[in-house]
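J.: Sharing a structure here in C-alpha cells format.
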Amino acid sequence: MKLKLNIWRQKNREDRGEFVTYHLDDVNSHMSFLEMLDVLNQQLIEKGEQPVAFEHDCREGICGACGLVINGYPHGPEEGTTTCQLHMRHFKDGDEITIEPWRSKAFPVVKDLVVDRSSLDRLMQHGGFVSIRTGSAEDANNTLIPKEKSDLAMDAAECIGCGACVASCPNGAAMLFVSAKVSHFALLPQGQPERKRRAIQMVQAMQDEGFGACTNYRECEAVCPKRISINFIGMLNREFIKASVLSGAEKGGKYRSK
Amino acid sequence: MKLDANIPEGPIEKKWENYRDKVALVSPANKRKRKIIVVGTGLAGGSAAATLAELGYDVEAFCYQDSARRAHSIAAQGGINAAKNYQNDGDSIWRLFYDTVKGGDFRSREANVYRLAEVSNLIIDQCVAQGVPFAREYGGKLANRSFGGAQVSRTFYARGQTGQQLLLGAYSALIRQVAAGKVKMHPRTEMLDLVLVDGRARGIVTRNLETGKVRSFSADAVILATGGYGNVFYLSTNAKGSNATAIWRAYKRGAGFANPGFVQIHPTCIPKTGDYQSKLTLMSESLRNDGRIWVPKKKNDKRPANEIPESDRDYYLERRYPSFGNLVPRDVASRAAKNMCDEEHGVGLTGLGVYLDFADAIKRLGEQAVRERYGNLFEMYERITGEDPYKVPMRIYPAIHYTMGGLWVDYNLMSNIEGLFVLGEANFSDHGANRLGASALMQGLADGYFIIPYTLGRYLANIGYDDLDVSHSAFSDAEHQVTERISSLLAIKGKQTVDTFHRRLGEILWDNCGMSRTEQGLKDAIEKIAAIREEFWSDLRVPGTDRDLNQELEKAGRVADFIELADLLARDALERRESCGGHFREEFQTEEGEALRDDENFTHVAVWEYGGDGAEPVRNVEPLQFENVKLTQRSYK
Ligand SMILES: Cc1cc2nc3c(=O)[nH]c(=O)nc-3n(C[C@H](O)[C@H](O)[C@H](O)COP(=O)(O)OP(=O)(O)OC[C@H]3O[C@@H](n4cnc5c(N)ncnc54)[C@H](O)[C@@H]3O)c2cc1C
Ligand code: FES
C-alpha cells in the first residue's frame with residue numbers, strides 16, 4: 001500500500017518544530033507500525049536526509065518505550081495495543097497518517113517524536129515502592145493472599161509506564177498511572193504499612209511535577225495499551241481521602257501541653 | 001591469562017555458607033566511602049544497585065533507556081524457577097542444581113550452580129515482600145507451572161509478564177534508593193569504555209545520548225550488568241537496543257570472554273514474514289505445558305491445519321522423547337523443529353514453521369482456563385499474525401534468544417580484571433551450553449540481590465583507599481579514544497546504512513553459527529565477517545552529528561562492536577570440536593542425531609583473550625570438575 005505521512009519534526013528541545021509530509025510506497029500489511037517507520041528512515045538516510053527519531057526498545061508491548069500519537073490517538077486506533085504492536089493491516093492503501101509525539105506539559109519534546117518522561121520516574125520516588133530491605137523477607141507462602149485480590153493487584157501492576165494516559169488527558173493528569181501504582185500496593189498485604197503515606201505523597205508529587213487534575217474525561221482508560229480501568233482512579237481517590245483524614249490516636253499518641 | 005575460579009573449600013552444600021561465615025566485611029562507615037558503578041538496570045543491575053545502596057555504598061547507576069524500568073528484563077514472560085517444593089512433587093535445591101547442570105550439558109561450574117539453586121528460594125521471598133503479584137491458587141498460596149528440562153513444577157509466574165513484575169520490583173527498590181539519595185541514576189547514558197588504573201577497574205567513559213556529551217566516572221569497583229549479546233544475529237527476541245558494547249569494551253581492555261559461541265535458540269517464536277522484519281517475538285516456553293507441537297506427516301502438505309486429520313499429524317517431540325515430550329529443553333526442541341522443516345514438513349508460507357496446537361488443552365481444560373493461563377500471549381500472537389490461536393494452531397519457529405556466553409567471572413562474579421564484576425546475562429557463569437527456561441531471571445536476581453553484596457564486600461575489604469578521580473590521565477586517554485571513534489564513524493560518509501550491515505551480519509551468523517554448525521561453515525563465516533568489517537569501515541553512512549540525540553550513531557557504535565564479536569563467536573564455535581547443548585556441530589552427533597559431547601577434550605570453559613588490533617585472540621581454558629554430578633549423555637527420551 002501507499003501512504004502519506006505527516007510527521008512532527010523538531011530538532012531539539014528549543015526548536016519550535018513543524019509537520020513534514022512524506023510519501024511511502026510498498027508498505028506491507030504484515031509490517032508493524034514501527035517497521036514502517038524503519039523503512040521510511042532507511043529511505044531518508046539513503047537520500048541524505050535526517051531520519052525521524054522515535055523511541056522504542058522491546059517492540060513487544062511491554063517496556064513502555066514506544067508511544068506515538070497516531071491520527072490523534074496515543075498508540076493509534078487499536079484498543080489495548082502499544083504503538084510497536086500496531087500492525088499495518090489496520091491501515092489501507094492511500095491512507096494519510098499523522099504522527100506526533102506525546103504532548104503534555106510534563107513531557108517536554110526532546111527531538112522529533114521522542115519526549116522526556118522522567119517526571120514519571122520522579123513520581124515513583126514518592127512512595128512507589130514497599131520499603132523492604134533485601135534479605136529481610138519471610139517465607140513467601142506465610143502470607144496468604146486471596147487469588148481475586150492478587151489478580152486485581154496484577155491488573156493494576158501491568159502498567160508499562162508509557163505515559164499514554166497523560167498524553168490523552170485534556171488536563172495532562174497522571175491519575176491512571178498513579179492510581180495503578182497506589183492500588184497495586186493497597187490491594188496487597190505487603191503494601192499496608194505505607195498505604196496512607198504513599199497515597200498522600202504520590203498525589204502531592206503529581207501536582208508538584210506539573211501534571212493536571214483529573215476531571216473524569218476517561219480518555220486515559222480508552223488509550224491505555226494495558227486496558228487499565230479507571231476504577232483504580234476511584235480507588236486512589238478513596239485511598240487519598242481516607243489517608244488525609246486522621247482518626248483518633250493517629251493525630252498523635254503523646255500528650256503535649258501547648 | 002590467570003584464571004582462578006576461587007571456588008571455596010568444603011562440600012558443595014557448605015561452600016556458600018562457609019564463604020559467608022568467613023568473608024571479610026566492610027564497616028558501615030567505610031561503605032559510605034566507597035563508590036560503585038553499576039552499568040545496567042535490568043534484574044541483575046537493578047537488584048544490585050538497590051541492595052548495595054541499602055547497605056550504604058554510594059552507587060552510580062546507568063542505562064541507555066529513558067528509564068531504568070525499561071531494561072530488557074521487562075520482556076521476560078514465562079517465569080522464574082526456585083526450589084521451594086511448594087508443590088510437594090519432589091523438588092529440592094539438589095534437584096534444581098542437578099537439572100541446571102544437566103540442562104547446561106555439563107559445561108557450567110558446579111559450585112556456582114549450586115549456590116544459584118540455594119539462593120533461589122530467597123528470591124521468591126524477597127519479590128513477594130516487595131509486592132510482586134505472582135499467580136496464586138484459590139487457597140491464597142503461590143501457584144507454579146512447569147518449564148522445559150524439568151519434571152517438577154517449580155516455576156513462579158505473574159501471568160505472562162513475570163519479567164515485568166520482577167523488574168518493577170527491583171526498580172521500586174532502586175527508585176527508593178534514588179529517593180534516599182544513595183543511588184544517582186543516569187538514564188539515556190551509554191557506557192562506551194572501561195577505565196583501568198594500575199590493572200584495576202576504576203571507572204567508565206559514557207556518552208549522554210541526548211546531548212552527546214562524553215563524560216567519565218570513577219569508582220572503587222565497576223559492575224557490568226548489561227545483558228546478553230543475542231542481537232549480534234540482528235534478528236532475535238531481544239530488545240532493539242540490547243547490545244554487547246559494554247562487555248566488548250571490557251574484553252578489549254583485557255577481560256576474558258567465555259564461551260562466546262554458546263547461544264540459545266528458543267524453539268517457540270513467531271516466524272519471520274519479510275525482509276523488513278526488525279525483531280522476532282517470543283511465545284513463552286510455558287505454552288509447551290499445554291500446547292502440542294506437530295507437523296504434517298506428508299511432505300509439503302499445504303492443507304490448512306484443521307483439515308489435516310489426526311492420522312496425518314506427527315507429534316514429533318512426543319514421539320521422539322516420550323518421557324519429556326513437548327517439554328524437552330530448548331536446544332533439543334529447536335533442533336527438532338529445524339530437522340522437520342529441513343525435511344520439508346514445515347508449515348506456513350515460508351515452510352519455516354511448526355504448529356503449536358491448543359485444541360486438546362481447550363478440550364481438556366476449557367477455553368476459560370486456557371485464557372487465564374495464556375490470555376495475553378494469545379492476544380499478542382493474534383495482534384502480530386492476525387490469526388486467532390483459540391481457533392487455529394499457532395505457527396512457531398526457533399529464534400535467537402539468549403547468550404550463555406559472556407565475560408568470564410570467578411566464584412565472586414569478578415572477571416580476571418580486579419574490581420570488574422559482571423552479573424546477569426552479561427556473564428557466562430551458570431548455564432553451561434544451554435540455559436533452562438525460567439533460570440535467567442533467577443540468575444539475574446541471585447547475582448544482584450544475594451551474591452554481589454557479599455563478594456563485592458570481600459574485594460573492597462582487601463583494597464586500600466585513594467583519592468583517584470577522573471582527572472587521572474587514564475580517563476582522559478579513554479575519553480579521547482571514545483571521541484576519536486565516534487568521529488571516525490561519522491567521517492566515513494559512505495552509502496550503506498547501519499541496518500544494512502547489521503542485517504547482513506545476522507544472516508551470516510544465522511546460516512553458519514546458528515542451530516547447526518560445521519567446520520567449513522564456520523571458516524566461511526570468519527572470512528565473510530572480515531569482509532563485512534572492512535566494508536563497514538569504508539562504506540557506512542551515519543547522518544547527523546555527535547552533539548545531539550542521534551540514534552543512527554548509537555546503532556553504528558553497537559554494530560561495529562557486534563561485527564568484532566561475531567568473529568570471536570565463530571572462532572569459539574570452530575575450536576569447540578564437539579556438540580553440547582545449544583552448540584551443535586554436525587560432525588559430532590550420535591546415531592539418533594543428538595549432540596555428542598567430547599568430555600575428554602572439552603570439559604572446560606573456553607576463555608578468549610584479546611590479542612590486540614589485527615592480532616589473533618588467544619584461547620585459554622578453565623577446566624571444569626564434576627565432583628557431584630556424574631557426566632552422562634543427556635537423555636530426555
Ligand atoms: C522475550 C524474552 C523472554 C524471556 N523470558 C524469560 C523467562 O520467562 N524466564 C527467564 O528466566 N528468562 C527469560 N528471558 C531471559 C531474561 O529475560 C534475561 O536473560 C534477563 O532478563 C537479563 O537480565 P539482565 O539484568 O542481565 O540484563 P537486561 O535486563 O538486558 O538489562 C541490561 C541493562 O543494561 C543496560 N545497558 C546495556 N548496555 C549498556 C551500555 N553500553 N551502557 C549503559 N547501559 C547499558 C540496559 O539499559 C539495561 O538497563 C527472556 C528473554 C527474552 C528476550
Ligand atoms: S517498544 Fe516496548 S512497548 Fe513498544
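J.: Need one number: buried accessible surface between chains B and A, 1.4 Å probe, both sides summed, DNA, RNA and ligands left out, in Å² to 100.
T.: Working: alone 24430 and 14590 Å², together 32650 Å².
For B against A, buried area totals roughly 6400 Å².
J.: About its Cα centre, what dipole magnitude does the stretch A:34-119 give when the only charges are +1 on Lys and Arg Cβ and -1 on Asp and Glu Cβ, stated in debye to the nearest 20?
T.: Taking the Cα centre of the stretch A:34-119 as origin, the dipole is about 280 debye.
J.: On a C-alpha basis, how far is the centre of the stretch A:71-138 from the centre of the stretch A:38-63 in Å? Whole number, if you could?
T.: 17 Å
J.: Quick check for you: with a 1.4 Å probe and neighbouring chains kept, what is the accessible area per residue of chain A, in Å²? Write out the running numbers ahead of the final one.
T.: Numbers: 11410 Å² over 258 residues.
Heavy-atom accessible area per residue stands at 44 Å².
J.: Could you state the number of Å between the C-alpha centres of the stretch B:154-197 and the stretch A:212-237?
T.: That distance is 27 Å.
J.: Once Rh for the stretch A:118-250 is found with the Kirkwood sum over Cα pairs, what is the Stokes-Einstein diffusion coefficient at 25 °C and 0.890 mPa s, in µm²/s? Kindly include the intermediate steps, with their values, before the conclusion.
T.: Working: Rh = 15.4 Å.
Roughly 160 µm²/s, to the nearest whole number.
J.: Oh, and also: Do you know which residues of the stretch A:180-195 lose at least 40 square angstrom of accessible area in the protein assembly compared with their chain on its own, with a 1.4 angstrom probe?
T.: SASA drop of 40 Å² or more in the stretch A:180-195: A:Gln190.
J.: OK, next. Which ³J(HN,Hα) values, rounded to whole Hz and listed in residue order, are derived for the stretch A:163-178 from phi using the Karplus coefficients 6.51, -1.76 and 1.60 in 6.51 cos²θ - 1.76 cosθ + 1.60 with θ = phi - 60°, glycine and proline given as x?
T.: The phi angles translate into x, 4, 4, 5, 5, 7, 7, x, 9, x, 7, 10, 5, 5, 4, 5 Hz.
J.: What residue among B:Thr100, B:Thr403, A:Ser257 has its Cα farthest toward the positive end of the dipole of the protein assembly as shown, where the charges are +1 on Lys, Arg and -1 on Asp, Glu, each on the Cβ?
T.: Among B:Thr100, B:Thr403, A:Ser257, the one farthest towards the positive end of the dipole of the protein assembly as shown is A:Ser257.
J.: Which of the aspartates and glutamates could a cross-linker bridge to B:Lys141, judged by Cα under 20 Å and excluding same-chain residues fewer than eight apart?
T.: A:Glu138, A:Asp139, A:Glu148, A:Asp151, A:Asp155, B:Asp89, B:Asp91, B:Asp125, B:Glu372
J.: Still on this structure: Just to check I understand the Karplus step: with θ = phi - 60° and J = 6.51 cos²θ - 1.76 cosθ + 1.60, what whole-Hz values come out for the stretch A:183-200, glycine and proline as x?
T.: Ordered by residue, 3J(HN,Hα) equals 5, 3, 6, 5, 7, 10, x, 5, x, 5, x, 9, 3, 6, 3, 4, 4, 5 Hz.
J.: Considering only protein heavy atoms and a probe of 1.4 Å, how much of the accessible area of the stretch B:266-400 is carbon and sulfur, as a whole percent?
T.: On the way: 2630 of 5300 Å².
Its accessible area is 50 percent carbon and sulfur atoms.
J.: Still on this structure: Only bridges with both residues in chain B count here: give the DSSP antiparallel percent, nearest 5.
T.: 70 percent
J.: Using a 1.4 Å probe and counting only protein heavy atoms, arrange A:His56, A:His184, A:His23 so the residue with the most accessible area comes first.
T.: Heavy-atom accessible area, descending, gives A:His23, A:His56, A:His184.
J.: Please state, as a whole number in µm²/s, the translational diffusion coefficient that the Stokes-Einstein equation yields for the stretch A:3-111 at 10 °C and 1.306 mPa s, with Rh defined as the Kirkwood radius across alpha carbon pairs.
T.: 110 µm²/s
J.: Of all beta bridges DSSP finds with both residues in the protein assembly as shown, what is the antiparallel percent, to the nearest 5?
T.: 70 percent
J.: Under Stokes-Einstein, with the Kirkwood radius over Cα pairs standing in for Rh, what whole-number D in µm²/s applies to chain B at 25 °C and 0.890 mPa s?
T.: 99 µm²/s
J.: As a test of understanding, state the convex hull volume per residue of the protein assembly as shown from its alpha carbons, in Å³. Could the numbers behind the result be given before it?
T.: Details: hull volume 152.9 nm³, N = 895.
Expressed per residue, the convex hull around the Cα atoms of the protein assembly as shown is 171 Å³.
J.: Right, next: Need one number: the % of Cα-Cα pairs in the stretch A:89-189 sitting beyond the 17 Å mark.
T.: So the portion of pairs separated by more than 17 Å is 65 percent.
J.: Quick one: net charge around B:Leu55, please, counting Lys, Arg +1 and Asp, Glu -1 for every other residue with C-beta under 12 Å from its C-beta. Could the numbers behind the result be given before it?
T.: On the way: positive: A:Arg133, B:Lys31, B:Arg32, B:Arg34, B:Lys182; negative: B:Glu54, B:Asp58.
Result for the local shell: +3.
J.: Also: Largest first, how would B:Thr545, A:Thr81 line up by accessible area (1.4 Å probe)?
T.: B:Thr545, A:Thr81
J.: Follow-up. Pairs B:Lys184/B:Lys555; B:Lys240/B:Lys272; B:Lys272/B:Lys555; B:Lys15/B:Lys35; A:Lys11/A:Lys105; B:Lys15/B:Lys182: which are spaced more than 24 Å apart, C-alpha to C-alpha? List each step's numbers first, then the result.
T.: Details: B:Lys184/B:Lys555 26 Å; B:Lys240/B:Lys272 16 Å; B:Lys272/B:Lys555 22 Å; B:Lys15/B:Lys35 29 Å; A:Lys11/A:Lys105 18 Å; B:Lys15/B:Lys182 32 Å.
Over 24 Å Cα-Cα: B:Lys184/B:Lys555; B:Lys15/B:Lys35; B:Lys15/B:Lys182.
J.: With a 1.4 Å probe and every protein chain kept in, tell me what percent of the accessible surface of the stretch A:3-111 is carbon plus sulfur.
T.: 44 percent
J.: Distances over 22 Å make up what percent of all Cα-Cα pairs in the stretch A:172-258?
T.: For the stretch A:172-258, the fraction of Cα-Cα distances above 22 Å is 33 percent.
J.: Sticking with this structure for a sec: Taking H placed 1.01 Å from N in the peptide plane, check which residues at least 5 places from B:Gln264 or on another chain put their amide H under 5 Å from its amide H.
T.: B:His401, B:Tyr402, B:Thr403, B:Met404
J.: Roughly to the nearest percent, how much of the accessible area of the stretch A:118-250 is carbon and sulfur, given a 1.4 Å probe? Don't skip to the answer; put the middle values down first.
T.: Values: 2900 of 5610 Å².
C and S atoms contribute 52 percent here.
J.: How large is the charge dipole for the protein assembly as shown, taken about the Cα centre, if only the Cβ atoms of Lys, Arg (+1) and Asp, Glu (-1) carry charge, to the nearest 20 debye?
T.: 2820 debye
J.: Please name which of B:Leu596, B:Ser476, B:Leu505 has its Cα lying farthest along the dipole of the stretch B:473-598 towards the positive end, using unit charges on Cβ (Lys, Arg +1; Asp, Glu -1) and the Cα centre as origin.
T.: B:Ser476
J.: Considering protein heavy atoms only and a 1.4 Å probe radius, which residues within the stretch B:262-294 exhibit an accessible-area decrease of no less than 40 Å² in the full assembly relative to the chain by itself?
T.: Listed in order, they are B:Tyr276, B:Ser278, B:Lys279.
J.: Among B:Cys341, B:Val392, B:Ser278, pick out the residue whose Cα is farthest towards the positive end of the charge dipole of the stretch B:266-400, where Lys and Arg carry +1 and Asp and Glu carry -1 on C-beta, about the Cα centre.
T.: Checked the options; the winner is B:Cys341.
J.: Which helices pass in chain B if a helix is a full DSSP H run, must span at least 27 angstrom along its long axis by Cα, and must have mean Kyte-Doolittle hydropathy not below -0.5?
T.: B:110-129, B:551-575
J.: If you average the C-alpha positions of the stretch B:60-105 and of the stretch B:458-524 separately, how far apart do those two centres end up, in angstrom?
T.: 28 Å
J.: Further, regarding this structure: For the stretch A:1-41, count the residues as N, evaluate 2.2 N^0.38 Å, and divide the Cα radius of gyration by that value, please.
T.: It is 1.35.
J.: If the reach is capped at under 24 angstrom between alpha carbons, list the lysines near B:Lys363, excluding any in the same chain fewer than eight residues apart.
T.: Correct list for B:Lys363: B:Lys297, B:Lys391.
J.: Indicate the residues belonging to the stretch B:131-150 that lose 30 Å² or more of solvent-accessible heavy-atom surface (probe 1.4 Å) upon moving from the chain alone to the assembly of all protein chains, ignoring ligands and nucleic acids.
T.: B:Gly131, B:Pro133, B:Arg136, B:Tyr138, B:Gly140, B:Lys141
J.: Also, I was wondering about something else. Counting only other residues whose beta carbon sits under 15 Å from that of B:Val621, what net charge do I get with K and R as +1, D and E as -1?
T.: -3
J.: Further, regarding this structure: When the Kirkwood hydrodynamic radius is evaluated over all pairs of different C-alpha atoms of the stretch B:473-598, what value in angstrom, to one decimal, is obtained?
T.: 16.3 Å
J.: If each DSSP helix of 4+ residues adds -39,500 (n - 2.57) and the sum is divided by the residues in chain B, what number results at 222 nm, nearest 500 deg cm²/dmol? Each step should come with its number before you reach the end.
T.: On the way: 18 runs with 227 residues, N = 637.
The per-residue figure over chain B is -11000 deg cm²/dmol.
J.: Same structure, new question: May I ask you to give the average projected area over all directions of the convex hull of the Cα atoms of the stretch B:1-136, in nm² rounded to one decimal? Walk me through the numbers on the way to the answer.
T.: Details: hull surface 46.4 nm².
The number I arrive at for the stretch B:1-136 is 11.6 nm².
J.: Under unit Cβ charges (Lys, Arg +1; Asp, Glu -1), what dipole magnitude, rounded to 20 debye, does the stretch A:110-216 have relative to its Cα centre?
T.: 260 debye
J.: Could you state the accessible area per residue of the stretch B:473-598 in Å², with a 1.4 Å probe and every protein chain left in place?
T.: Details: 5030 Å² over 126 residues.
In whole numbers, the stretch B:473-598 has 40 Å² accessible per residue.
The values are calculated or read from the model by the stated rules, or taken from the named source; none is laboratory data. None of these values were measured; they are calculated from a predicted model. Methodologically, a virtual Cβ is constructed for each residue, glycine included, from the backbone with ideal geometry; neighbour enumeration extends over all protein chains shown. With ligands, DNA and RNA removed, areas are computed over all heavy atoms of the protein, side chains included. Shrake-Rupley method; radii C 1.70, N 1.55, O 1.52, S 1.80 Å.
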